[in-house]
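Structure record follows, encoded as structure tokens.
The values are calculated or read from the model by the stated rules, or taken from the named source; none is laboratory data. This structure is a prediction, so every number in the text was calculated from the model and none was measured. Reconstructed Cβ throughout: ideal geometry from the backbone, glycine too, with neighbour counts over all protein chains shown. Heads up: the accessible areas ignore ligands, DNA and RNA and are worked out on the full protein's heavy atoms, side chains in. Shrake-Rupley method; radii C 1.70, N 1.55, O 1.52, S 1.80 Å.
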Amino acid sequence: SVSNIIDEASIRQIQEYIDRSGQIVITAHLSPDGDALGSSLALCQYLQRQGKKAEVMVPNSFPYFLKWMEGAEKILIYEHNSAAGRHHLEQADLIFSLDYNILKRVGDIGPVIAASPAQKVLIDHHPYPDTLFDVTVSHPEISSTSELIFRLLFQMGEYEGLTPEEAACIYCGMMTDTGAFTYNSSNPEIYEIISLLLRKNIDKDAIYSNVYNNYSENRFRLLGFTLSQRMKIYPESHAALIYLSREDQKPFHFSKGDTEGFVNYPLSIKNIIFSTFIREDDDLIKLSFRSQKNFACNEFAAEFFGGGGHLNASGGEFHGTMEDALQRFESGLEKYREKLKKNNL
Ligand code: 5GP
Ligand code: MN
């Protein structure tokens, strides 16, 4: 059975906002991932079924292996169409914030949301949510926002009407935020929900293939290069680092999403419980962190790279040279060495 973890007062309030609203905008975080898009697209389709004018808006573009999701082609990319985006946010009666906890995570959309007179609803699973929302559904113990969207619809008594396309979006988000149910996925209710999604006739193997067996040859060769030429192991700290400069990426014709999942690979090395991936982008350096057990990689991200996220999956940024970023990482590692040792095995 699926327990009612979302409090009834929030559900009633959300229901009331939806009933009252004509135009609804659903927003999700920068560099949208499977969970950001899966949760947003499922909610969007549900709202459209209720006769609402609803759309999904994200700050920047998303990887090609997520384009198969129902409604993905209609998503407004704010970076490409900010005039329309701003207008829609200003006109909206209701704005949903999905899969992010603070407005900084939606880049240039953030200030427009803050200024909008619309009602604002947060549905998310990152710790430390902002307090500016009219309704805050924040559950860091739940592994994906997509699962929260399922739970919301389920608790609203809307399971029966859930379509196969909505179910597929929800499944995709649950799958991608748990590495295809290999971490952060021990809550038995996850599988109760999957069972309910399978009853909607989703093709879970096709969804897996769409996401994980859909990469370009370039991406695969870049992965090989990264693991063989750009990996450092710190055995003392049970840590691994992979990194790519812009120069490194050039011969592989980098395209958005190509390095998705790279950070996970070093964790498959024996005794490594902390993996970091540092990638030089056009205007900043982006960091991804993954950890195992109780090592809080979100703390590391926050302390050294102004970031955050979950206990075992987090990210951050660095503005400066690659060399300085690497140095900052290594001095951080030095500081956390005892913690990393304690957490090992
Ligand atoms: P990824 O490494 O897959 O990009 O991100 C992993 C997790 O860290 C996600 O939950 C994401 O929301 C969070 N995250 C990634 N980058 C940042 C960042 O720059 N700031 C914060 N606060 N969280 C981030
Ligand atoms: Mn998520």
Q | Protein-only accessible surface order, largest first, of 139, 319 at 1.4 Å | A | 319, 139
**Q.** Computed lengthening from residue 64 to residue 77, 0.36 nm per intervening residue step minus Cα-Cα distance
**A.** 3.3 nm
Q) So what are the ³J(HN,Hα) numbers for segment 140-152, from phi and the Karplus equation (6.51, -1.76, 1.60; θ = phi - 60°), rounded to whole Hz, Gly and Pro as x? A) x, 7, 9, 6, 8, 5, 4, 4, 5, 5, 4, 4, 4
Q: Of the DSSP beta bridges with both residues in the chain, give the percent that are antiparallel, rounding to the nearest 5.
A: 40 percent
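As a quick test, which of the pairs 232/286; 67/200; 53/120; 67/293; 293/335 have an alpha carbon distance above 25 angstrom in this structure?
67/293
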Q: Beta carbons within 10 angstrom, averaged per residue: use that to sort the peptides 249-256, 24-31, highest first.
A: 24-31, 249-256
Q: Find the accessible area per residue for the chain; the probe is 1.4 Å, ligands and nucleic acids are left out, and the unit is Å².
A: 45 Å²
**Q.** Net charge of Cβ neighbours under 13 Å - reference residue 97; Lys, Arg +1; Asp, Glu -1
**A.** -1
Q: Would you kindly find the accessible area of residue 93, with a 1.4 Å probe and non-protein molecules such as ligands, DNA and RNA excluded, rounding to the nearest 10 Å²?
A: 60 Å²
Q | Peptides ranked, highest mean first, by Cβ atoms within 10 Å: ranges 216-228, 95-107 | A | 95-107, 216-228
Q: Would you work out what percent of the accessible area of the chain, with all protein chains in place, is carbon or sulfur (probe 1.4 Å)?
A: 47 percent
Q) Normalised by the number of residues in the chain, what is the relative contact order in percent for Cα pairs under 8 Å and 6+ residues apart? A) 13 percent
